[in-house]
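Throughout, read-outs are computed from the coordinates displayed, never taken from laboratory work. Just so it is clear, the model here is predicted, and its values are computed rather than measured. When we count neighbours, we look across all protein chains shown, and the Cβ atoms used for this are built from the backbone with ideal geometry, even at glycine.
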Amino acid sequence: MHIVHVHVRVKPEFVEAFREATRHNAHHSVQEPGIARFDVVQQSDDSTRFVLVEVYRTPQDPARHRETAHYQTWRDTVADMMAEPRSRVEYANVFPPDEGWG
């Protein structure tokens, strides 16, 4: 598995619009064959901060995701809602293992 956390800080006046656009993107993203999981979480003590937790089946799948119409629509829709450029951190899965125990 290939995991990506996308950190986003949204301008306060766009929190609800961002949530709506991001839920739409997530709904379509989980239907992609290369996506195992796609979570959107909002920080409890700062409603302007979000993390998109994207779990891909292969390292090539994030690029495929970025080619989809729903991602491109999301990217363009939320661009002016950002309080700062979004950032991403990539992770490798440790547990549960992708394969059996040995």
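Some observations on this one:
- Restricting attention to region 24-47, the residues that are under 17 Å from R75 (Cα atoms), touching a strand residue (DSSP E or B) at 6+ places or on another chain (Cβ under 7 Å) and of a type outside the set (A, V, I, L, M) total 3.
- Strands (runs of 3 or more DSSP E) wholly inside region 14-93 that include at least 3 residues being free of Cβ contacts under 8 Å to residues at least 24 places away in the same chain: 35-42
- Every residue from region 33-62 that is out of contact with any helix residue (DSSP H, G or I) (no Cβ under 6 Å at 6 or more places or on another chain) and either of a type in the set (S, T, Y) or farther than 17 Å from R86 by Cα (or both): P33, A36, R37, S44, D45, V55, R57, T58, P59, Q60, D61
- Complete set of residues in region 1-13 that are assigned to a loop (DSSP other than H, G, I, E, B) and either touching a Lys or Arg at 6+ places or on another chain (Cβ under 7 Å) or more than 15 Å from R86 (Cα to Cα) (or both): M1
- Qualifying residue in region 27-46 (condition: under 21 Å from V94 (Cα atoms), in contact with a Leu (Cβ under 9 Å, 6 or more places away or on another chain) and charged (D, E, K, R)): yes
- Selection status of V15, over 20 Å from F95 (Cα atoms), in contact with a Phe, Trp or Tyr (Cβ under 8 Å, 6 or more places away or on another chain) and among the hydrophobic types (A, V, I, L, M, F, W, C): no
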